[in-house]
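Data first, discussion second: the structure below is written as structure tokens.
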There are 4 protein chains.
Amino acid sequence: MIDKISFASDYLEGAHPKILDRLIQTNFFKSVGYGLDEFSESARKKIRKACDCPDAEIYFLTGGTQTNAVVIDAVLKSYQGVIAADSGHISIHEAGAIEFCGHKVLTLPNHYGKISAEQIKNFVETFNNDQNHDHMVAPGMVYISQPTEYGTLYTLNELKTIKKICIENNLILYIDGARLAYALACPLNDVSLKNIAELCDVFYIGGTKCGALIGEAVVIPKKNFIPHFFTIMKQHGALLAKGRLLGIQFDELFTDNLYFEIGKSAIKTADKIRNALEKFNYKIAFHSPTNQIFVILNNEVMKNLAEKVEFSFWEKFDEDHTVVRFATSWATNSDDVDKLIDILSQT
Amino acid sequence: MIDKISFASDYLEGAHPKILDRLIQTNFFKSVGYGLDEFSESARKKIRKACDCPDAEIYFLTGGTQTNAVVIDAVLKSYQGVIAADSGHISIHEAGAIEFCGHKVLTLPNHYGKISAEQIKNFVETFNNDQNHDHMVAPGMVYISQPTEYGTLYTLNELKTIKKICIENNLILYIDGARLAYALACPLNDVSLKNIAELCDVFYIGGTKCGALIGEAVVIPKKNFIPHFFTIMKQHGALLAKGRLLGIQFDELFTDNLYFEIGKSAIKTADKIRNALEKFNYKIAFHSPTNQIFVILNNEVMKNLAEKVEFSFWEKFDEDHTVVRFATSWATNSDDVDKLIDILSQT
Amino acid sequence: MIDKISFASDYLEGAHPKILDRLIQTNFFKSVGYGLDEFSESARKKIRKACDCPDAEIYFLTGGTQTNAVVIDAVLKSYQGVIAADSGHISIHEAGAIEFCGHKVLTLPNHYGKISAEQIKNFVETFNNDQNHDHMVAPGMVYISQPTEYGTLYTLNELKTIKKICIENNLILYIDGARLAYALACPLNDVSLKNIAELCDVFYIGGTKCGALIGEAVVIPKKNFIPHFFTIMKQHGALLAKGRLLGIQFDELFTDNLYFEIGKSAIKTADKIRNALEKFNYKIAFHSPTNQIFVILNNEVMKNLAEKVEFSFWEKFDEDHTVVRFATSWATNSDDVDKLIDILSQT
Amino acid sequence: MIDKISFASDYLEGAHPKILDRLIQTNFFKSVGYGLDEFSESARKKIRKACDCPDAEIYFLTGGTQTNAVVIDAVLKSYQGVIAADSGHISIHEAGAIEFCGHKVLTLPNHYGKISAEQIKNFVETFNNDQNHDHMVAPGMVYISQPTEYGTLYTLNELKTIKKICIENNLILYIDGARLAYALACPLNDVSLKNIAELCDVFYIGGTKCGALIGEAVVIPKKNFIPHFFTIMKQHGALLAKGRLLGIQFDELFTDNLYFEIGKSAIKTADKIRNALEKFNYKIAFHSPTNQIFVILNNEVMKNLAEKVEFSFWEKFDEDHTVVRFATSWATNSDDVDKLIDILSQT
């Protein structure tokens, strides 16, 4: 219960009110457990439709790290690793959850959160040409985030080129969509949910950071691509007895375009802040068109600002400057945005 | 959305209405993530008080299998295994989640879900006396459930004797309290939450099956008994970004004795059904005084019953009979109980 | 350097002298590492021929526990476990090496070290019929030892029936041949190396207990049955830089029938001891026709005997009696056998 | 059985003849298994003396990757990773053996195979200062190789500084001594075995690449630093039944300074080659004073050379040049060295 206005993250509040409403309405319906309930089934149908992917298998998990670990472990062979940006969530901020499952994260230098088809191609070629590659971890998968951890976006063309390299090199393509709503709603974005379903072997639609209490929806476009995923989830402690909690939420998120509306609202407030920052001559760290805004602040300015606003420390820029992050979400209200702009104008 | 009346499990519905109310009230409060929020902190204080254990560390996880795997893996050394009843949840129904973390489950034959101090003692002695025990998995922990998977209860005296053996043999004592509310509320039970906190090195208070949407509260009575548990949770994919979802629920469950009231209500309805079964000369499989009732049905009777009531298949008794389970919960309503009794009287 | 005569195990000495000779002869030949050398290649050819299995892939590892862990982990899916006798080496005496790799050992009660096709069938049927089997570890493999840990033998007919059940239930059949030489050389045995290669998906020919310094030869009859086994070995720390050490030994063991001669010699001495035991009215614990002899001794007799002879404690029989094991090997010499018989005659 | 003269690696031949002699002499002594034999015990005493470390615990394993994986897994907590040079053996050439055990390798850029105390300090400081470090893999250990994979050496002063940083930051210091003999025998080296035993929490003395058939001796200077290491070895499949094979070899290696003599002989031949390369104006890639020599060859020259001599490809230098490695060992003979020099003079 923070007093200051806060743009510290996109998971500061509970859930979108429609989701809570739905939980209340359905509370006394009795249903079977483990995601086999009718709510989850209904959510699956809606997601399949949204993805234009009638055969997709869909599973609901509770959080991003869990989802990444379960999916990557389910898909990789024991001797394979996963290629990721060095800034990828799995590379740094999952406490070694991928390695806990026995797999190496094979990192590539990121460009504002992104890696390129060219980098992937070079990595695999170098591996293949290494005479000792049988003594090395084989790349088996490419992990990317849309939007990235830096709020940036892959273009459709970039994803298609990455996919091409993946096909040529027998690499599975996996997209972490923790904040996917904010990508889909971004005017600069040209990658639809259908595109993602076409291009990926597996991906997830993030709920926790996009309006749900918790929950991520794993989509496996091609049926049977991951046999026994249900049991693998159970084995990883990722199967909820009350799977309905996730099913109900995703059913609501995919009713009347709620998931997309949530994204739009966050982009709108983010854009408003971006414009103000520009207007007041703040230095943008790099262009990130989604719900996260990265600004380089003089440390003195940062200190003053921090008395009135919550934001995230991102990284040291130089001795006197720091990169900080402002995040908006479905829950960001106009009053807070106006207050922030006012504060920014005075600092 | 099952039409028939259902006693199939204790996780058929959403959550206790008070919990939903609380989620709504708190929905727009902004809080930090990962269980560091004020709701979780408040829940911790209340649980510490209920356990009479001011130094306890408390962590919130999402489900039983996850909790068992994370706790057991966090506590055992790599070369150690966990002693459990062969009917224990970790022994059969967790898809090998304990082995996934590298640990063997060392099973002892159960007596209606329970194991005895004597069995544990003999097991450890046999291990110690085995000249090859350095080539074997060392017992490092005892896992028991209160109530057990058969709905039976350990007495305080039994637990104290088990604890004594644990101390003598350097074994950690861990109690799985997935249905703890139903033990605590049972008139035949003589083991309080305080007793459990005194006797265990670590245990969990079940939420998912006792009124919450999801959630289990791990209690570590002695501070620092499991260093870095937070990071270990993260590594296992068990740390929620919106930890508040769990904190709010447990805060409510431990307000005005709600957790205990939930248990009482389920025991009351279970007792009513037990009495009816007895009255109508049904054959009880074994005495289980909590919210689960195990009945031996003639297969013909079972078939007829199954047309009107949902219950669980438990195990084959003989060619002509089957053990089935009726479960009540916080959500079981009187009308359904009356209907069930009516049906039972006619079958 | 034990003074007493010793029948404590079949790995008391170094290696068969022919193997040492060969190591000396080849010592200064230069060869590539990691089992790609010409000695290993030559050994592979001979083993393929002995197995009548021209396409077999063959890998050399250093010990039984390592071999079991690497093979089982390489072959099982993450959610699968391995069926084994509760007396199986993997079930008790490998310090949890299988669980360390994430897999549960699904134990069946043994009959003098053996399990039956019927038991396996029942286990799988029970699993399949369990409505919760998606929450359980799926049986993926059958592990048996030939000879067993009790020195007993599967008949060809028994193995064929087990194989049939395996095929019907999609189970991989794996034979641990740590002491295979002693089975192959046993007059009562009707299972040839070719039979084993026909029936198994993977098996290993034991070297450490059958005349080698160290070494086990994994045979995969069907090419490509375990892709990337080389890298999996490396990942498990089971790949020797000087793979030639294993190749040279197996090349020698499969030259001029040495492996079979080693077995014969041990069976001959074991039979001599068995006859003497019978003659002197010792109580045989159970019939084991290979190089291990299990005798029930009065504890007093055992104590006296132990002053003159080394043998292994096997298990307590009752308060006054103990089962002990005498083992012969390729290295057992006639003098020691005569001394043992003399001692047995006087005890 | 390579025809050309070969400087491809330091494990081309069998074992030092004295080791083979010893195996023959001891072949028929009977001994107990699993490294509890008198040969292993004698080897331990000699190694303790050579390390001036009377309380050291010593275990014998079969290869470098195995040793690294077992030691690192035995020592790290589950949530910890190991700091290593990005060129370290564990970082690239162990097929993910460390990750297989659940631990992340935290890589630092190498300087000709080495990392500095400063780099380690910065890494730990950055970790500690990261507000999200509870979501990250904690550094628990420093892994370095002496000599490094590039044949370079840490000075005593450098090791002392690294040790200081380790103590200040609660990091375990581990040295991979796969080629330790070649460091100890190098005239430029100022780090003795005693220094290493003083500075390290655990290290290993390499046998496989220094004259043994196979074998690495893990030295744990402080008693009980790694409890239950025996069982942990077993669990990793790293415990030999015939432990004597390793014990006998290390007993011989530490008799009459054989281990040091082996090193000297390899350094002598390497120096001779280095001098010749310099004389004939070959371009040394970087200064490596031990048994490995790295030369930058014009690709045309490399091709010609490769027709007469075996060497290792190391890495591409530029389009027209390649870094190659020549390695000497205990087994390198003068004739081959003379031939090589002659060839080098003509190319």
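Just a few scattered comments:
- Residue that is surrounded by the fewest Cβ atoms within 10 Å (Cβ to Cβ) [pool: residues in region D:68-82 that are more than 10 Å from every other protein chain (Cβ to nearest Cβ) and touching a helix residue (DSSP H, G or I) at 6+ places or on another chain (Cβ under 7 Å)]: D:72
- Test for residue A:99: is it within 13 Å of chain B (Cβ to nearest Cβ) and either under 16 Å from the mean Cα position of the chain (by Cα) or in contact (Cβ under 8 Å) with a residue 40 or more places away in the chain (or both): no
- Selection of first residues in region A:111-137 that are among the β-branched types (Val, Ile, Thr) and of second residues that are modelled with pLDDT of 95 or more and assigned to a helix (DSSP H, G or I), restricted to Cβ pairs under 8 Å at least 6 apart or on distinct chains, gives the following pairs, ordered by first then second residue: A:120/A:162; A:120/A:165; A:120/A:166; A:124/A:165; A:137/D:99.
- If you go through region D:277-294 and pick out every residue that is more than 14 Å from residue D:341 (Cα to Cα) and buried (at least 18 other Cβ atoms within 10 Å of the Cβ), you end up with 7.
- Filter result for residue C:266 (outside the structural domain of residue C:62 (by TED's automatic domain parsing), without any contact (Cβ under 8 Å) to a residue 60 or more places away in the chain and buried (at least 20 other Cβ atoms within 10 Å of the Cβ)): no
- Of all residues making up region B:234-257, the number that are out of contact with any helix residue (DSSP H, G or I) (no Cβ under 6 Å at 6 or more places or on another chain) and either more than 24 Å from residue B:52 (Cα to Cα) or within 14 Å of chain A (Cβ to nearest Cβ) (or both): 5
- Contact annotation: residue pairs with Cβ atoms under 8 Å, 6 or more positions apart or on different chains, pairing a residue in region A:175-196 that is assigned by TED's automatic domain parsing to the domain that holds residue A:70 and more than 19 Å from residue A:268 (Cβ to Cβ) with a partner that is of a type in the set (Lys, Arg) and surrounded by 24 or more Cβ atoms within 10 Å (Cβ to Cβ), are A:178/A:209.
- Positions within region A:86-96 being of a type in the set (Ser, Thr, Tyr) and either within 11 Å of chain B (Cβ to nearest Cβ) or without any contact (Cβ under 8 Å) to a residue 40 or more places away in the chain (or both), in sequence order: A:91
- Among the numbered conditions (1) within 30 Å of residue B:309 (Cα to Cα); (2) touching a strand residue (DSSP E or B) at 6+ places or on another chain (Cβ under 7 Å), the only one that residue A:31 does not meet is (2).
- Helices (runs of 4 or more DSSP H) (entirely within region D:135-217) containing at least 3 residues that are under 14 Å from the mean Cα position of the chain (by Cα): D:180-184
- Restricted to region C:175-221, and to residues there that are away from every other protein chain (no Cβ under 14 Å) and of a type in the set (Asp, Glu), the residue that is farthest from residue C:83 (Cα to Cα) is C:190.
- All positions within region C:86-103 that are surrounded by fewer than 24 Cβ atoms within 10 Å (Cβ to Cβ) and either more than 22 Å from residue D:233 (Cβ to Cβ) or in contact with a Lys or Arg (Cβ under 6 Å, 6 or more places away or on another chain) (or both): C:86, C:87
- Every residue from region A:313-325 that is out of contact with any Ser or Thr (no Cβ under 8 Å at 6 or more places or on another chain) and not in a loop (DSSP other than H, G, I, E, B): A:321, A:322, A:323
- Sole residue being more than 10 Å from chain B (Cβ to nearest Cβ) and among the aliphatic types (A, V, I, L, M), chosen from C:105, C:137, C:124: C:124
- Filtered residues of region B:1-28 (kept if assigned to a loop (DSSP other than H, G, I, E, B) and of a type in the set (Asp, Glu)): B:3, B:10, B:13
To keep it simple, each residue is scored yes or no on (1) part of a loop (DSSP other than H, G, I, E, B); (2) within 14 Å of chain B (Cβ to nearest Cβ); (3) buried (at least 24 other Cβ atoms within 10 Å of the Cβ).
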{"position": "A:30", "(1), (2), (3)": "yes, yes, no"}
{"position": "A:42", "(1), (2), (3)": "no, yes, no"}
{"position": "A:49", "(1), (2), (3)": "no, no, no"}
{"position": "A:66", "(1), (2), (3)": "no, yes, yes"}
{"position": "A:84", "(1), (2), (3)": "no, no, yes"}
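- Selection from region A:318-340 of residues that are of a type in the set (Phe, Trp, Tyr) and either modelled with pLDDT of 95 or more or in the same structural domain as residue A:211 (by TED's automatic domain parsing) (or both): A:326
The values are calculated or read from the model by the stated rules, or taken from the named source; none is laboratory data. Keep in mind that what you see is a predicted model, and the values were worked out from it rather than measured. Neighbour counts are summed over all protein chains in view; Cβ atoms, including those assigned to glycine, are modelled from backbone coordinates with ideal geometry.
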